[in-house]
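The values are calculated or read from the model by the stated rules, or taken from the named source; none is laboratory data. Predicted model, so just to flag it, every value in this text is computed and none were measured. Neighbour counts are summed over all protein chains in view; Cβ atoms, including those assigned to glycine, are modelled from backbone coordinates with ideal geometry. Areas reflect the complete protein model, heavy atoms only, side chains present, ligands, DNA and RNA absent. Shrake-Rupley method; radii C 1.70, N 1.55, O 1.52, S 1.80 Å.
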Amino acid sequence: MARIFCVANQKGGVGKTTTAVNLAAGLAKLGQRVLLVDLDPQGNATMGAGINKAELDGSIYEVLVGLATVSACRKLSETGRFDVLPANRELAGAEVELVELDNREKRLKTALAEVDAEYDFMLIDCPPALSMLTLNGLCAAHGVIIPMQCEYYALEGLSDLVNTIKKVHAKLNPDLRIIGLLRVMFDPRMTLSQQVSAQLEQHFGDKVFKTIIPRNVRLAEAPSYGMPGVSFDPSSKGAQAYVAFGAEMVERIRSW
Ligand code: ATP
Ligand code: MG
């Protein structure tokens, strides 16, 4: 059975896609079978995995509205060695169309069940909103990974996300839990980063992942080559951190 995780945070630009793509590549490097699900109409995870979002035969949009299956739409990321259920702008339309459909919050969950036996992990890259799309992600998942920058405003908005997760847990998906907060784009030279990081550990204890992802320019450069940072420059600090994070995730689910 695949373990399914959402990478979510309704704040924009906090490192969700970078985390989803590089965790997928990190896990693949550790021999895990991974499906990366792009649930964002921006299609950044799709492009970052080296798949051209402008030339898709089928995408997650068709899957959600019931026009195609996951197995018909998925593609192999040759640069990351994992499969991708790709997305592009068409997905923005699903937001409205889903409202009219049966079982609207659970359409992704139902669709992913088809390929469940083929993967060890499925990672869902959520858009920066607590929308119907994100709700579909949360209903499909066993857990949520929340990437956070260690800055003054990081905690603002976290309570909205935590409350949404609690509601989904209570009403729609009893399996759902917060797996952990991941500190990303970390700059150890900044006192504020250190302080916020310590605060996170104090408040959230072992819900904070041990691995810290540093700010690293190679991770930011990689998407323009259609490659996960983990494959683009494996010896970079950022790539190594994401492989270590992959190992931490494998370790965590072993104790489930
Ligand atoms: P959105 O909310 O728009 O989906 P996001 O949360 O998915 O954004 P990313 O796209 O992953 O965020 O990252 C935002 C920007 O920060 C990107 O330009 C990315 O390359 C850069 N970035 C992410 N993580 C790092 C890092 N560890 N070091 C340096 N740059 C990073
Ligand atoms: Mg993103």
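Structure values in brief
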| quantity | calculated |
| --- | --- |
| Surface accessible to a 1.4 Å probe, R107 within the full protein complex, Å² | 50 |
| Paired Rg and Dmax values of segment 178-256, which use every Cα atom, in angstrom | 13.7, 39 |
| Cα gyration tensor, segment 3-254 - rounded (a/c under 1.5), prolate or oblate | oblate |
| Solvent-accessible surface ranking, highest first, for F186, F232, F5 at 1.4 angstrom | F232, F186, F5 |
| For peptides 16-26, 48-58, sequence by mean Cβ density within 10 Å, most packed first | 16-26, 48-58 |
| Links that overshoot a 31 Å alpha carbon limit, given the list K53/K106; K11/K109; K29/K109; K53/K166; K11/K207; K75/K106 | K53/K166 |
| Ordering of 238-246, 33-41, 125-133, 208-216 by packing [mean C-beta count within 10 Å, highest first] | 33-41, 238-246, 125-133, 208-216 |
| Rounded, prolate or oblate (a/c below 1.5 giving rounded, otherwise prolate when a/b exceeds b/c) for segment 1-136 by Cα gyration tensor | rounded |
| Amide H partners (placed H, <5 Å) of L36, local residues excluded | D83, V84, L85, L123 |
| Whole-percent carbon and sulfur share, accessible surface of the chain, 1.4 Å | 51 |
| Surface accessible to a 1.4 Å probe, per residue, for the residues of segment 3-254, Å² | 44 |
| Percent of beta bridges antiparallel (DSSP, the chain, rounded to nearest 5) | 10 |
